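Visitor: Handing you this structure, nothing more for now.
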Amino acid sequence: GSKLKLIPHILSLFDEIEVKTVFDGFSGTTRVSQAFAQSRFQVTSNDISEWSYIFGLCYLKNKKQPSEYQELIDYLNNVKGFNGWFTEHYGGLNNEGSAIQKDGSKKPWQIHNTKKLDGIREEIESLCLPEIDKAVVLTSLILAMDEVDSTLGHFVSYLKEWSDRSFKNMKLKVPKLFVNE
């Protein structure tokens, strides 16, 4: 799980030893790696998950100021959505508040957000962005979809009734970046 609340304690363990390099072997969200990088450690971050790799590029390799991404984020927020792969597999209709679809399945997102997700994903691919810029906008997209889901935990349990947050419209924001030297 998240180590966010443990980060001050983890960092304090390094106060009295002379270490400049840290290996975060199961980095997940990269929060611990980010904390070490912001504290001027040389960080190697590793995880088997593709999304963790994307987060690592976004937060640990970024050399741009957050403001430099705002125009791109605004552009992507205005992309028109469509019925694509995510909508087909993960988008659900409201059904008077029930997330259970006609086929009996439950879906993690309402269709208005998966359509937007499909449009933005296709546009990101068409832009041929540099790897780190692409990771920044993909991180923004992952975080935005997390704010409009109807799940518990790590998307392993979809709720029977749509969560209040699932009715909101997904909107990208520039991630909380720092310029990593």
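Visitor: Only one of (1) farther than 27 Å from TYR53 by Cα; (2) open to solvent by 60 Å² or more (accessible area, probe 1.4 Å) fails for LEU159. Which number is that?
Guide: Result: LEU159 fails condition (2) only.
Visitor: Does PHE178 count as of a type in the set (Phe, Trp, Tyr), open to solvent by less than 70 Å² (accessible area, probe 1.4 Å), part of a loop (DSSP other than H, G, I, E, B) and out of contact with any Leu (no Cβ under 7 Å at 6 or more places or on another chain)?
Guide: Yes, satisfied.
Visitor: So, of the residues in region 141-156 that are more than 17 Å from LEU172 (Cα to Cα) and without any contact (Cβ under 8 Å) to a residue 12 or more places away in the chain, which turns out to be most open to solvent (accessible area, probe 1.4 Å)?
Guide: Here the answer is HIS154.
Visitor: Take LYS107 and decide whether it is touching a helix residue (DSSP H, G or I) at 6+ places or on another chain (Cβ under 8 Å), surrounded by 21 or more Cβ atoms within 10 Å (Cβ to Cβ), within 24 Å of ASP164 (Cα to Cα) and among the basic types (Lys, Arg).
Guide: Criteria met by LYS107.
Visitor: A further question on this structure: Any idea which of (1) assigned to a helix (DSSP H, G or I); (2) open to solvent by 80 Å² or more (accessible area, probe 1.4 Å) is the one GLU123 doesn't satisfy?
Guide: Of (1) assigned to a helix (DSSP H, G or I); (2) open to solvent by 80 Å² or more (accessible area, probe 1.4 Å), only one is false for GLU123: (2).
Residues are listed down the side, and each one gets a yes or a no for (1) open to solvent by 50 Å² or more (accessible area, probe 1.4 Å); (2) more than 15 Å from the chain's Cα centre (by Cα):
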{"site": "THR87", "(1), (2)": "no, yes"}
{"site": "LEU93", "(1), (2)": "yes, yes"}
{"site": "ASP103", "(1), (2)": "yes, yes"}
{"site": "CYS128", "(1), (2)": "yes, yes"}
{"site": "THR139", "(1), (2)": "no, no"}
{"site": "ASP164", "(1), (2)": "yes, yes"}
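Visitor: Write out, first by first residue and then by second, each pair whose Cβ atoms fall under 9 Å of each other, whose residues are 6+ apart or on separate chains, and whose first residue, in region 1-21, is farther than 15 Å from VAL43 by Cβ while the second is surrounded by 10 or more Cβ atoms within 10 Å (Cβ to Cβ) and among the basic types (Lys, Arg).
Guide: Pairs found: SER2/ARG31; LEU4/ARG31.
Visitor: Moving on. Quick one: which residue in ASP118, ASP133 is touching a residue at least 40 places away in the same chain (Cβ under 8 Å), among the acidic types (Asp, Glu) and closer than 20 Å to ILE54 by Cα?
Guide: After ruling out the rest, the residue left standing is ASP133.
The values are calculated or read from the model by the stated rules, or taken from the named source; none is laboratory data. It should be emphasised that the depicted structure is a prediction, and the values quoted were computed from it without experimental measurement. Every residue, glycine as well, gets a Cβ built from its backbone with ideal geometry; the counts of neighbours run over all protein chains shown. What goes into the accessible areas is simple: the full protein's heavy atoms, side chains included, and nothing from ligands, DNA or RNA. Shrake-Rupley method; radii C 1.70, N 1.55, O 1.52, S 1.80 Å.
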